[in-house]
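Participant: Here it is, the structure, as C-alpha cells.
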Amino acid sequence: MEFISSNLLTLILFLPVFAAVVVALLPCEEKNLIRWVALIASLLPLALALFLWFQFDASQAGFQYEQQVTWYEAINSSYHLGVDGVSLTMVLLTTVLTPLCILASFSINDRVKGYMALFLMLETGMLGVFLSLDLLLFFVFWEIGLVPMYFLINQWGSEKGERELWGGMKVKARTYASFKFMIYTMAGSLGLLLAVQLIGVVAGTFNLTQLFEIWPTITALDNIGPLGLSVGTVKVIVFWAFVVAFALKVPVWPFHTWLPDAHTEAPTAGSMILAGVLLKLGAYGFLRLVLPLFPEEAKTYAGALAFLATMAIIFGALSSFGQTDFKRLVAYSSVNHMGFVVLGIAAAAYAAGTEHAVIAMNGAVLQMFNHGLSAAGMFFLVGVIYERTHTRNLDDFGGLFPLVPVYGGVLIFTSMASLGLPGLNGFVSEFLVVRGVWPVFTVYTALGMIGLFFTGAYILKGIKQVLHGPLNEKWTHGEHRLTEINARELLIMAPLMVMMLWLGVWPAWLLDVINRAVGMLF
Amino acid sequence: MTIETLIWLIPLPPLLAFFLIVLFTNRNKALSHTIAVGAALLSWGGSMVVFWSALQEGAHHLGEHPFESAISWLPIAGSWFQIGVLIDPLGAAVLFFVAWTVLMIFLYSVGYHNFGQPKGDHDRAGLPPHGATVEDEHGHKHTVPSIEPMYSRFFAFIGLFAFGMYTLVLSDNLLTLFVGWEIMGLCSYLLIGFWYGKKSVRAAMIKAFITTRVGDVFMLLGIAYLYSAAGTLNFREIFFNEEFLHHLAETPSGFFSLSAAGLIGILLFIGTVGKSAQFPLHVWLPDAMEGPTPVSAMIHAATMVSAGVYMVIRMFPLLSAGAEHGELTSAMTAMAFIGSFTALFSATIAVAQNDIKRVLAYSTISQLGFMVAALGIGAYVAAAFHLVTHAFFKALLFLGSGSVIHGVEHGVLHTDDHVDPQDMFNMGGLRKKMPITFWTFLIGGFALSGFPLVTAGFWSKDEIFADAFAHGNTVVLITLAIAAFLTAFYTMRQITLSFFGEPRTKAAEHAHETPWTMTTPLVILAVFAVAFGWAGIPEDFLGLEIWPKNMFHGVVYTLTEHQQPAGIHFNWIPLLISLGVALGGLGLGWLVYRKVEAGQEDPLKKPLGPAYTLLQNKYYFDELYDLIFVKPAIWISETLSYKWMDRGLIDGILHTFSRATYALGGIFRNYIDVPVINGFGDLVGEGVKKLGKAFRVIQTGRVQQYMVIALVLAFGTLFFYLYNLMIP
C-alpha cells in the first residue's frame, strides 16, 4: 500500500506500457485472451486514478503526489511527475475512456495483438503529457502519443475511400489521413522541441515548478547561448513555437482540416480516443505551459486567439451541417466544441486575475472533460451503425428508429449532450464559457452564438437523417438486417451516459476540483 | 414536511415516471400510463397544497415572505452559484394552472391514444394508428380506431415535459428556468415528431427546434450579460435591489443607444419571441400542430409557449427599469410593437385557415401577442391574468378540437369515407353527435372571444383594454381591438362550421362522442374557463363597489418591493370596445358561416379575392424564410464552408505546399541527385565495369592462349629492351 501511494503516478503512467509488453508476448492466435488482458490491464490505471481522485486534496495549492528522480543530469532534466486539479481531471478522463475504447475494439479481428499493444502505448503517451512536470519529459510523451495513433489510423482505419490529391493522383483515404495527421503534428513538434531546448538552455532547468516561478519574470540571462539572443527574442520564439504546436493539436481554425480526415478514417476506438483525449493535449498545453509561462504575451495575443476560436466555433458548426458522411459530421462537431475551449482559454489569458478569467477557465476545462465524454460517445455510436451497415452515408440511413429503438434512444441522448442541452453535461461548461467570455470578448461571444445555433442544426440533421422517417426497408432483412445495439456496446455507452447526466445535474463534484485548481493558478 | 421541501419534490414524480417508463415498463401500456398519470396526480396534489398554503398567507404577505429555499450548485470563482425554488404570488398563480392543465392533458391522452382499443392491422411505430378490423357478434366486419403503437413512449415524453415545466415555474433563478425551458424545447421537438414517419412531421419538428433556438441563443447571451452585471441570477436578489436596477438602466451597453438594462431585456425578450412564437419567429407553431393533439394543447397552448410570456413577466422589473418618468423603455416599446403586431397579424391568418387545429394555433400566437403587448404598455397584472385564463380556455379548445377530430376519425373509419378529419369544411352538425364536446368547446370559444361577463377571457382581455386606455396607448388599443374582433369572428366561424348546420360529409354524420377519459378533462377545464375570470374582476367594475376583492392584483407583490397595486379607475370606453368587438365578431361569424353547404367554398373567398389567398398562405412567410434563410444556410455550410474553404482553400494551400515539396524533391532528385551525385558514382562504377568488360576478351580461360600471350609479351619486352640497349 505504501509502495502504491508513494509511486502512484508512476504506476498509473507505466502500467499501460507494461501491459502493452505483456500483450506483445501473448500468442497471436489467442485473440480473446489478448482482448481480455488488454481490457483488464487498462482497468488498473483507472482503479489507481480513482484512488488518486479520492486521495487528492483539492484545497491544497500546487502539485500533489510529486515524484522527482534525476534523469539527464548533464542538462538538468529529471523524471518529474505531479498532479493538480486540472491534470487530475484529464487523467481521470483518459483512464475512463481507454478501457471503454478497448472494449469497443473487441470487434477488431485483424492483428489484434498489435492493435491492443499500440492502444495501451498510446495511453501512456497521453497520461505522460498530463502528468509531466518536466519540459523535456513533456515533449517525450507528446511524441510518444503520436506514433501509435499514426499506425492505428494507417493500419486499422477504414478500408474504403480514396482521396484525390492533384493531377488525378489518388491515395487511400486512411493513408492520406494518417499522413496528414503525422505531418501536422510533426510540424508542431519541431517548434516545440526548439522551444523546450531554448528554455532549458536559457533557464538552466526543465523543471516546470521552478520555471513557473522564474520564467515569467526573467529579465537578464546568464546563459545567452551561441546566438547571443535577447530575452525578448527568446521569449517570442518560445511563445510562438508553443502556440503553433498546441494550436495545431487542438486544432484551432484554420489548422483544423487534418481533424475531420483523421477522425473519419480512424477505427472507431481510435476516433473515440482521438476526439476524447488527444485533442485535449493541445488545450492542456495552452493552459499548463503558455498561460503560466507567458502571461504577458498571452494577453497581447489573446484577442487573435479568441478570433480564431470563434471562427472554429462558427465554421466548425457550419461545415458539420454541410456533411453527408455521418462520421465526418461528428468529426466537425469537435472543431466546433473545441472552439469553446480555446475561447475560454483566450478570455482567461486576457483577463487573468479577474473573476471572469476563472469562470471562463472553469468552463474551458470542464468543456474538455465533457467533450471527451460526448465526442467519444458519438463516435462510438457512429461506429456501431457502421459495423452493421458498412456505410456512413447519411442518405443511406433514415427510418432506422423503428428497427433499433434502443440505439435510437441512446443516440438521441448522446446527441443532446453534444448539443448542450441543459440538464446534460455540455450545457454547464458552455454556459460557464459564455458567461466568462462575455465581459471580456463581447463581440466574439455574440458571434459564437451563430455556431451554437448551427450546433442545433447539425445535431438535428444527424438524428433526422439516421433515425427518423418511415421504416427503412433496405435494412430490415437479409444480410443487411440491422440488429439492435448489443450488450457489450450498451456497456460502453452506459458509463458515458451516466456521467453525462450526472455532470449535467450535479457538476459540483468535478467543477469544485477544477475551480480550486484554476483559482490557484490564475 | 415543510412546504419548501414539498416544493422541491413537485417536479420529481413526472421525471421519475419518464425514467421508469423508458427503462422498465415500456412494453406494458397500462402500467406505463398508470405511472405517468399517477405521477401527474402526485405533482398536482403537491401543487394544490402549495397553492392553498400560498392563499392562506395572503398575496401581500407572500410577496414579502415567499416560500423559498436554495442550495449551492455550482462553484464559481470564490463563491457558489445557488439554485432553489420560489413560490410567490405570480409563481402560485402559474403553478395552479400548470398543475391543472398538465393533469387534465395526461388523463386525456389515455383516451386520445385509444387505450383499450385493439392493435392496428398495419400500424407501425412512427405513424399514427390506421385502425383495426373487428368482427361484431353478427359477423360484420368494420374498422375501429386502433391503439397507438408507441403508446408508452408518449407518456414517457410528456412526463419529461411536465418535469421541465414544473422546474421552470418553481425556479428562483434564471438559469434553472432556462434549464426547464430547454428541456421543454427538447420534448416539444420529440413530441411534434412523435409520428416521425411522415415527411411533414420531420420538417415540423426540426423547424420548431431550430426556430426557437434562434431565440434561445439570444436569451443565453442575455443571461450571461445579466449574470456578469449582477453577479447573481436570483430573481429576488436582482429585482429587490432597486439601486442595482437603476444603475443598470443608467449604464450604456455600447450597443446603439441602449442601456445595459435595455439590451439585457431585449436579449431575453428575443427568447420569448422564439418560445412564444411571436413575429418574426412565429412560423414554427402552426407546423407544430403535426404533433398529437394533447401535445398541441399542453405544450403549444397552455404551458410551454406561455412560459415565454411568464419569463418576461418575471423579468418585468428589469425590462421596465428606467421607466419611472412614464416613458416606455426600449425593451417595452419593442414588446408593445411586436406583441400588438403579432396579435393582429396572426388573427388575420386564422380567419382563412380550414384546419381546426391550425386556426387554434394562429389564435394562440395572437393571444400571446396580446399578453406581450400588455406587458409592453406596463400592464403586467393584466398580462399575467390573461396568461392564466388563456391557458385554461386554450387547453380546453385544443382538447375539444382533438375530441372533434377523434370523433370524425371514428366516422372516417366507420364509413370508409377518406376525408381529412381536421378540415372544418368536412364537419358540420356535430353538436348533436358530440354534445359534451360541443358545449365545452362553445364555452372555450366564447372565453377566447371575450363573451361578456360570464367568461374568463372577457375579464382578462377587458383589463388589457382598460390598461391600454388608461395609459393612453391608443395605437396599441386600436390594434388589439381589431385583433379581438377578428378573434371573435374566426372563433365563431370555427364553432359554426364544426358544430352547427347539417353534417357535410358521411364521416361527420357518423361521428361519435369520445370516451370519458377525454370528456372529463373538457368539463373540468370548461369550469375554469368560466370561473377563473371571477378572480380578476376589477374592484370598481361598472363603477359599483359590490365586487369581491380582485385577487389577481396580488401578483404585483411578486415583482418589486415597493410597488403598489396599480389601480385603474373604471371607464366605460374600453368596456364598450370590449363588448362591441366580442359580440360583433361572434355575430358576424355566425351570419357568414351558418349556411355553408357540403362542397361549398369559404364564403369569404370571393369578397376578399387575392387577399384571401395571401392569408391562406400565411403571407408566404414559410416560402420567404426558405428563400432567405434556409437555402443560403445550406449553401454556406455545404459549399462555402466545407467545399470552398476547408476542402478548397485550406486543403488546397496544404496540397500546394505538399505538391511544391514533392516538386522540390523531384528537382533535387532529377537535377542533383541523379545527374551529379548518382552520375559521379555511376561514372566510377560503370567505368570500372567497362574496363573490366574490355579486358574480358583476353580472359578466355585457355592456358594455351595465355601461354601465347605471355610468350608474345615476353618476347616483345625482350625486343624492346634489347632495342633500347642497342640504340643508346
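Taken together, the values in this text are just the output of simple stated rules run on the coordinates, not laboratory data. None of these values were measured; they are calculated from a predicted model. So basically every Cβ, Gly included, is an ideal-geometry build from the backbone, and we count neighbours across all protein chains shown.
Participant: Which value does Rg/Rh take for region A:129-258 over its C-alpha atoms, Rh per Kirkwood?
Facilitator: 1.10
Participant: For peptide A:399-409, how many partner chain Cβ atoms fall within 10 Å of a residue's Cβ, on average?
Facilitator: Mean partner shielding for this stretch: 3.
Participant: Output ³J(HN,Hα) for region A:105-121: one whole-Hz value per residue in order, computed from phi by the Karplus curve 6.51 cos²θ - 1.76 cosθ + 1.60 with θ = phi - 60°, and x for Gly and Pro.
Facilitator: 7, 4, 7, 6, 10, 9, 6, 4, 4, x, 4, 5, 4, 5, 4, 5, 5
Participant: Now for a separate question. Can you list which of the chymotrypsin sites (Phe, Trp or Tyr not before Pro) found in region B:197-290 are DSSP loop residues with at most 10 other C-beta atoms within 10 Å?
Facilitator: For chymotrypsin sites (Phe, Trp or Tyr not before Pro) across region B:197-290 that sit outside H, G, I, E and B with at most 10 neighbouring Cβ atoms in 10 Å, the list reads B:F256.
Participant: Which of rounded, prolate, oblate describes region B:624-692, given a ≥ b ≥ c as roots of the alpha-carbon gyration tensor eigenvalues and a/c under 1.5 marking rounded, otherwise prolate only if a/b is larger than b/c?
Facilitator: prolate
Participant: May I ask you to work out the translational diffusion coefficient for region A:261-304 at 20 °C, viscosity 1.002 mPa s, via Stokes-Einstein with Rh from the Kirkwood sum over Cα pairs, reported in whole µm²/s?
Facilitator: Once the numbers are plugged in, D ends up at 177 µm²/s.
Participant: Here's another thing I want to ask about it. Report, by chain and number, residues whose modeled amide H sits under 5 Å from the one on B:F451, excluding near sequence neighbours (fewer than 5 apart, same chain).
Facilitator: B:F458
Participant: Now for a separate question. Relative contact order, percent, of chain A when contacts are C-alpha pairs under 8 Å separated by at least 6 residues?
Facilitator: About 14 percent, as a whole number.
Participant: Let me ask something else. Among the lysines in chain A, how many pairs, 8 or more places apart or on different chains, have alpha carbons under 20 Å apart?
Facilitator: So the count of such lysine pairs works out to 18.
Participant: Same structure, new question: By average Cβ neighbour count within 10 Å, what is the ranking of B:417-426, A:350-359 from highest down?
Facilitator: Top to bottom by mean Cβ count within 10 Å: A:350-359, B:417-426.
Participant: Considering the Cα positions of chain B, please state its Rg to one decimal place and its Dmax as a whole number of Å.
Facilitator: Expressed in Å, the Cα Rg and Dmax of chain B come to 38.7, 166.
Participant: Among the aspartates and glutamates, which fall within straight-line cross-link reach of B:K29, defined as a Cα-Cα distance under 16 Å, with same-chain neighbours fewer than 8 residues apart omitted?
Facilitator: Straight-distance partners of B:K29: B:D123, B:E148.
Participant: If you fit an axis through the alpha-carbon atoms of helix A:425-437 and take the longest principal axis of the Cα set of chain A, what angle between them do you get, 0 to 90°, nearest 10?
Facilitator: 40
Participant: Within chain B, which complete DSSP H helices have Cα atoms spanning at least 27 Å along the helix axis and a mean Kyte-Doolittle hydropathy of 0.0 or higher?
Facilitator: B:29-57, B:89-112, B:151-170, B:199-230, B:330-351, B:356-376, B:380-415, B:474-499, B:572-593, B:703-726
Participant: Please list the three semi-axes, largest first and in whole Å, of the ellipsoid equivalent to chain A, using sqrt of 5 times the eigenvalues of its alpha carbon gyration tensor.
Facilitator: 36, 26, 22
Participant: When the Kirkwood radius is taken over all Cα pairs of region A:170-322, what Stokes-Einstein diffusion coefficient follows at 4 °C and 1.567 mPa s, in µm²/s?
Facilitator: Taking Rh from Cα pairs, D becomes 77 µm²/s.
Participant: Give the average, rounded to an integer, of partner chain Cβ atoms located within 10 angstrom of each Cβ in A:312-319.
Facilitator: Shielding by partners across A:312-319 averages 4.
Participant: Another question about this same structure. Could you work out, residue by residue across B:211-217, how many beta carbons of other chains sit within 10 Å of that residue's beta carbon, and then give the average as an integer?
Facilitator: Counting other chains' Cβ atoms within 10 Å and averaging over B:211-217 gives 4.
Participant: Please state the Cα pair-distance histogram of region B:598-728 with 10 angstrom bins from zero: what percent is in each bin?
Facilitator: It works out to 9, 11, 11, 10, 9, 8, 7, 7, 6, 5, 5, 4, 3, 2, 1, in whole percents.
Participant: Quick check: the distance between the Cα centres of region A:46-60 and region A:67-126, to the nearest angstrom?
Facilitator: Here the answer is 17 Å between Cα centres.
Participant: Right, next: Please compute the volume of the convex hull spanned by the alpha-carbon atoms of region A:294-522 and report it per residue in Å³.
Facilitator: 108
Participant: Starting at the first residue of region A:165-181, write each ³J(HN,Hα) from the Karplus equation 6.51 cos²θ - 1.76 cosθ + 1.60 with θ = phi - 60°, in whole Hz, x for Gly and Pro.
Facilitator: Here the 3J(HN,Hα) series is 8, 8, x, x, 6, 10, 10, 4, 4, 6, 5, 4, 5, 5, 5, 4, 4 Hz.
Participant: What is the sum of charges, Lys and Arg at +1 and Asp and Glu at -1, for the other residues whose Cβ falls under 14 Å from the Cβ of B:G679?
Facilitator: -2
Participant: Treat the count of other C-beta atoms within 10 Å as a stand-in for reagent exposure and order B:T364, B:T514, B:T639 from fewest to most.
Facilitator: B:T639, B:T514, B:T364
Participant: Same structure again: Sorting check: for A:21-33, A:186-198, which peptide has the highest mean count of neighbouring beta carbons within 10 Å, and how do the rest follow?
Facilitator: So the order, starting with the most tightly packed, is A:186-198, A:21-33.
Participant: Moving to a separate point now. Computed over the Cα atoms of region A:243-365, what is the ratio Rg over Rh, Rh following Kirkwood?
Facilitator: Dividing the radius of gyration by the Kirkwood radius yields 0.99.
Participant: If only Cα atoms are counted, what is the Rg of the protein assembly as shown, and what is its Dmax, in Å?
Facilitator: In Å, with Rg to one decimal and Dmax whole: 36.8, 166.
Participant: Give, as a single signed number, the net charge of other residues whose beta carbon lies under 14 Å from the beta carbon of B:H410, with Lys and Arg counted +1 and Asp and Glu -1.
Facilitator: Net local charge, B:H410 excluded: -3.
Participant: Answer rounded, prolate or oblate for region B:651-728, using the Cα gyration tensor with square roots of eigenvalues a ≥ b ≥ c: rounded when a/c is under 1.5, else prolate when a/b is larger than b/c, else oblate.
Facilitator: oblate
Participant: Of the listed peptides B:63-72, B:407-416, B:297-306, what is their order by residue-averaged count of other C-beta atoms within 10 Å, with the highest listed first?
Facilitator: B:297-306, B:407-416, B:63-72
Participant: Could you give me the ³J(HN,Hα) list for region A:295-305, computed from phi with Karplus coefficients 6.51, -1.76, 1.60 and θ = phi - 60°, whole Hz, x at Gly and Pro?
Facilitator: Coupling constants for region A:295-305: x, 6, 4, 4, 5, 4, 9, 4, x, 5, 5 Hz.
Participant: Among A:V83, B:V596, rank each residue by its count of other Cβ atoms within 10 Å, from fewest to most, as a rough exposure measure.
Facilitator: Final ranking by Cβ density, sparse to dense: B:V596, A:V83.
Participant: Then there's this: Straight-line reach from B:K595: which lysines have Cα under 20 Å away, leaving out those fewer than 8 places along the same chain?
Facilitator: B:K432, B:K433, B:K506, B:K605, B:K606
Participant: Give me B:L375, A:L318 ranked fewest to most by other Cβ atoms within 10 Å of their Cβ, as a rough exposure proxy.
Facilitator: Listed from fewest to most nearby Cβ atoms, that is A:L318, B:L375.
Participant: Percent of alpha carbon pairs in region A:1-266 separated by more than 32 Å?
Facilitator: That tail contains 32 percent of the Cα-Cα pairs.
Participant: Running Debye on region B:210-347 with equal point scatterers at the Cα sites and no solvent, what base-10 log of I(q)/I(0) appears at q = 0.16 Å⁻¹?
Facilitator: -0.82
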